[in-house]
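Encoded as structure tokens, the structure appears first; notes follow it.
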Amino acid sequence: MTRLVVKVGGAVASESADRILGLREDGHEVVVVHGAGPQITEEMRRRGIAVEFVGGRRRTSRAALDVVRESMAAVNAELCEALGDAAVPVFGDVAGFLAVPVPPLGWVGDPLPCRPKPVLAALGDGRVPVMAPLAVGPLNVNADDAAAALALGLGAKRLVFLTDVPGLYVQGDLVDSIGAGHATRMLDEGAFEGGIVPKLRAAALAAGSGIRAEIGRTAVVA
């Protein structure tokens, strides 16, 4: 049985249920990490809280952290409902998911590879843990980074990013694959911007550690 980590973007969370259940029915152990980016941004703007990103990661004040938790809870509930009885909701900060604080970004953390007990328990029961990427602190963790950290900690074979874009575009062209080293160099050179930055960096980190990573139709390979 192959263990997979599937990262689901907030914009496509509920629509991803069939794909997740299909992977499970194919005999895989599936761990889901979801984002809530669009929901968080909309609610922050509604409350008059400044929205700012640094390298694709959200600067998170204490007031913004409350919005992050509420939005994560709503997306988690929606996704778990779509997955049915197979799903087990997990909140990372309660489950012992660990991260190193990043003070310049506020209440934000860089996640550490780990094996949260509630995630392992859900897998042991043959179910699908669905984790909101908050870390002990609490700290807001980018969902792409959290998915890579979980994949490393859990010894996953694949890291799959389900997103609202077909894959990775390089100079306007959708590419079938990219090497982790090449991707990292391009990232360091500033070749990409926006949400693809943490996604590709997380995929490259996983691929460099021997985990097959897929962003839509693009494979990120060692």
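The values are calculated or read from the model by the stated rules, or taken from the named source; none is laboratory data. Keep in mind that what you see is a predicted model, and the values were worked out from it rather than measured. Quick reminder, even Gly has a Cβ in these numbers, built from the backbone with ideal geometry, and neighbours come from all protein chains shown. Areas reflect the complete protein model, heavy atoms only, side chains present, ligands, DNA and RNA absent. Shrake-Rupley method; radii C 1.70, N 1.55, O 1.52, S 1.80 Å.
Among the candidates Ala151, Ala156, which residue alone is in a loop (DSSP other than H, G, I, E, B), of a type in the set (A, V, I, L, M, F, W, C) and surrounded by 16 or more Cβ atoms within 10 Å (Cβ to Cβ)?
Ala156
In region 110-122, which residues are over 18 Å from the mean Cα position of the chain (by Cα) and either more than 18 Å from Leu98 (Cβ to Cβ) or in contact (Cβ under 8 Å) with a residue 40 or more places away in the chain (or both)?
The initial filter retains those residues of region 110-122 that are over 18 Å from the mean Cα position of the chain (by Cα), namely 117, 121-122.
Passing the criteria: only Ala122.
Return the pair list, or none, for Cβ contacts closer than 9 Å from residues in region 171-186 that are on the phi < 0 side of the Ramachandran plot to residues that are in a strand (DSSP E or B) and open to solvent by 60 Å² or more (accessible area, probe 1.4 Å), at least 6 apart or on different chains.
Val175/Tyr169
Got a number for residues in region 47-66 being open to solvent by less than 60 Å² (accessible area, probe 1.4 Å), within 16 Å of Gly37 (Cβ to Cβ) and in a loop (DSSP other than H, G, I, E, B)?
4
Being part of a helix (DSSP H, G or I), open to solvent by 40 Å² or more (accessible area, probe 1.4 Å), at pLDDT 95 or above and farther than 23 Å from Ala203 by Cα, is that true of even one residue in region 31-41?
Scanning region 31-41 turns up no residue that is part of a helix (DSSP H, G or I), open to solvent by 40 Å² or more (accessible area, probe 1.4 Å), at pLDDT 95 or above and farther than 23 Å from Ala203 by Cα.
Condition first: in contact with a helix residue (DSSP H, G or I) (Cβ under 6 Å, 6 or more places away or on another chain) and either without any contact (Cβ under 8 Å) to a residue 12 or more places away in the chain or more than 17 Å from Gly153 (Cβ to Cβ) (or both). Now tell me which residues in region 80-107 satisfy that.
The initial filter retains those residues of region 80-107 that are in contact with a helix residue (DSSP H, G or I) (Cβ under 6 Å, 6 or more places away or on another chain), namely 82-83, 87-90, 95, 107.
Answer for region 80-107, where residues must be in contact with a helix residue (DSSP H, G or I) (Cβ under 6 Å, 6 or more places away or on another chain) and either without any contact (Cβ under 8 Å) to a residue 12 or more places away in the chain or more than 17 Å from Gly153 (Cβ to Cβ) (or both): Ala82, Leu83, Ala87, Val88, Pro89, Trp107.
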